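A.B. asks: Take a look at the following structure, please.
The values are calculated or read from the model by the stated rules, or taken from the named source; none is laboratory data. In this text the structure is predicted, and so the values were computed from the model without any measurement. Here Cβ is always computed from backbone atoms with ideal geometry, including for glycine, and neighbour counts include all displayed protein chains. Remember, those area values only see protein heavy atoms, side chains included, never the ligands or the DNA or RNA. Shrake-Rupley method; radii C 1.70, N 1.55, O 1.52, S 1.80 Å.
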Amino acid sequence: QREVSLSNKRIPLLHTLMPILHNSTLPTFLLTGIPGLEWAHTWISIPFCCLYLTALSGNTLILFIVLTEPSLHEPMYYFLSMLSTTDIGLCISTLVTVLGIFWVNAREISFNACLSQMFFIHLFTFMESSVLLAMAFDRFVAISNPLRYATILTHTRIAQIGLAVITKGTVILTPLVLLLKHLSFCHSHVLHHSYCFHPDVMKLSCSDTKINSVFGLTAIISTAGVDSVFILLSYVLIIRSVLNIASPEERKKVFSTCISHITAVAIFYIPLISLSFVHRFGKHVPRYAHTLMANVYLLIPPVMNPIIYSVKTKQIIRTIKKVLFPKRFEFDSNNSAIKATP
């Protein structure tokens, strides 16, 4: 009887310890390539390699010329270098797993590695949103109060903004990641993307994920949601300032300085909104369309941002020519000086 009573006491204790014991064995997740197109992964990797090379080389070049060219040591270009840094980080965060699946079908990823990748993907995405907001503020100050531009956006203040961008993303994401470590994963471990994404990982849990969902929604609203509202407000104030300028030519000239930033905002938010609509309403869309869009969504801003700013900004074009073709640039400069001589 004593043994029976002891065994009966052990049963509730085992039920209590089961989730802890289950969680102590960390799961291994399986990433997914392009469903239904596994036979073409090698060929699909070619355009993805081109996109990654374009993004990494373009953003590295922008970062290099901004840091090494003294004439570009201005607030606008410091913010551009921050944007390039976040784009480089975003590319590196996904490159290994995406190309690993396409090249050698390396689908397995450990739980901790998955959480680390997820943290950095979301961190650099949130940072990009915050940097775009800082760039909108930069354009607002430059247009509405040009005489105080240099005194408002000092080097110290720009460094503080950069630190605030990193701190904000880290503080918001840390509890999001820590909450995932307390979940139990007892069903399928197959993820729907070529990288670890918070909603994707959360859906595989057999625990209650209400708190995780609330934190995830709060993180999106407090970053991309709030940033987009303030960016819109900044441009309302910018348009108001531009309309106060009497000359139509001056209006056009002033507003043209915002075109690059407006385009960068569009290529960041439009794919994000489009992907959300496809996931919510595109139930009859093939699975490979969802996966392709999810992969391309993270690559569009890093690929396009250097191109946009290189094409639309004369100082950037001039400095790129100086760096890539020094002899030709010197020859053109000498010819221009000769023509300008009376």
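A.B. asks: Given the Cα-Cα distance of V296 and S184 and 0.36 nm per residue of separation, how much length would full extension add, in nm?
C.D. replies: Contour length minus the Cα-Cα distance gives 37.2 nm.
A.B. asks: Here's another thing I want to ask about it. What FRET efficiency do you get for L237 and A266 if R0 is 22 Å and r is their Cβ-Cβ distance, rounded to the nearest 0.05?
C.D. replies: Details: r = 19 Å, r/R0 = 0.86.
Efficiency computed from Cβ-Cβ geometry: 0.70.
A.B. asks: Convex hull over the alpha-carbon atoms of the stretch 18-99: what's its volume per residue in Å³?
C.D. replies: Dividing the Cα hull volume of the stretch 18-99 by its residues yields 155 Å³.
A.B. asks: Determine the relative contact order of the chain: mean sequence separation of Cα pairs under 8 Å and six or more apart, normalised by residue count, in whole percent.
C.D. replies: Details: 333 pairs, mean separation 87.4, N = 342.
This gives 26 percent for the chain.
A.B. asks: When the helices in the chain are scored as -39500 (n - 2.57) per DSSP H run of 4 or longer and the sum is shared across all residues, what 222 nm value do you end up with, to the nearest 500 deg cm²/dmol?
C.D. replies: Computed ellipticity for the chain at 222 nm equals -26500 deg cm²/dmol.
A.B. asks: Name the residue, out of V190, V98, V303, whose mean-square fluctuation peaks in a Gaussian network model built on the chain with Cα pairs under 10 Å.
C.D. replies: It is V190.
A.B. asks: For I65, what charge total do you get from the other residues with a beta carbon under 14 Å from its beta carbon, if Lys and Arg give +1 and Asp and Glu give -1?
C.D. replies: +2
A.B. asks: Something else: Find which of L191, S129, T257 sits farthest along the positive direction of the dipole of the chain, computed with +1 on the beta-carbon of Lys and Arg, -1 on that of Asp and Glu, about the Cα centre.
C.D. replies: T257
A.B. asks: Using the Cα gyration tensor of the stretch 34-177, with a ≥ b ≥ c the square roots of its eigenvalues, what is the shape: rounded (a/c below 1.5), prolate (a/b larger than b/c) or oblate (neither)?
C.D. replies: Values: a/c = 3.17, a/b = 1.87, b/c = 1.69.
In terms of gyration-tensor shape, prolate.
A.B. asks: Next question, about the same structure. Once ligands and nucleic acids are excluded and a 1.4 Å probe is used, how much of M127 is accessible, expressed in Å² to the nearest 10?
C.D. replies: Around 20 Å² of this residue is reachable by solvent.
A.B. asks: Restricted to Cα positions, what overall size does the stretch 127-210 have along the principal axes? Three whole-Å values, descending.
C.D. replies: 62, 21, 21
A.B. asks: Would you look at the GNM of the chain, springs on alpha carbons closer than 10 Å, and say which of T223, T291, T151 moves the most?
C.D. replies: For the chain, modelled as a Gaussian network with Cα springs under 10 Å, the answer is T151.
A.B. asks: Hey, another quick one. Report the calculated FRET efficiency for A289 and T68 (r = Cβ-Cβ distance, R0 = 30 Å), to the nearest 0.05.
C.D. replies: Computed FRET efficiency for A289 and T68 comes out at 0.10.
A.B. asks: Okay, next question. Charges only on Cβ, +1 for Lys and Arg, -1 for Asp and Glu: so what's the dipole of the stretch 37-313 about the Cα centre, in debye to the nearest 20?
C.D. replies: 500
A.B. asks: Compute the Cα gyration tensor for the chain, then decide on rounded, prolate or oblate, letting a ≥ b ≥ c be the square roots of its eigenvalues: rounded whenever a/c is under 1.5, prolate when a/b is larger than b/c in the other cases, and oblate in all that remain.
C.D. replies: Prolate, since a/c reaches 1.5 and a/b exceeds b/c.
A.B. asks: While we're here: So what does R139 come to for accessible area, using a 1.4 Å probe and Å² rounded to 10?
C.D. replies: Roll a 1.4 Å probe over it and R139 shows about 20 Å².
A.B. asks: Still on this structure, I have one more. Most fluctuating residue of L56, L178, L132 in a GNM of the chain with Cα springs under 10 Å: which is it?
C.D. replies: L178
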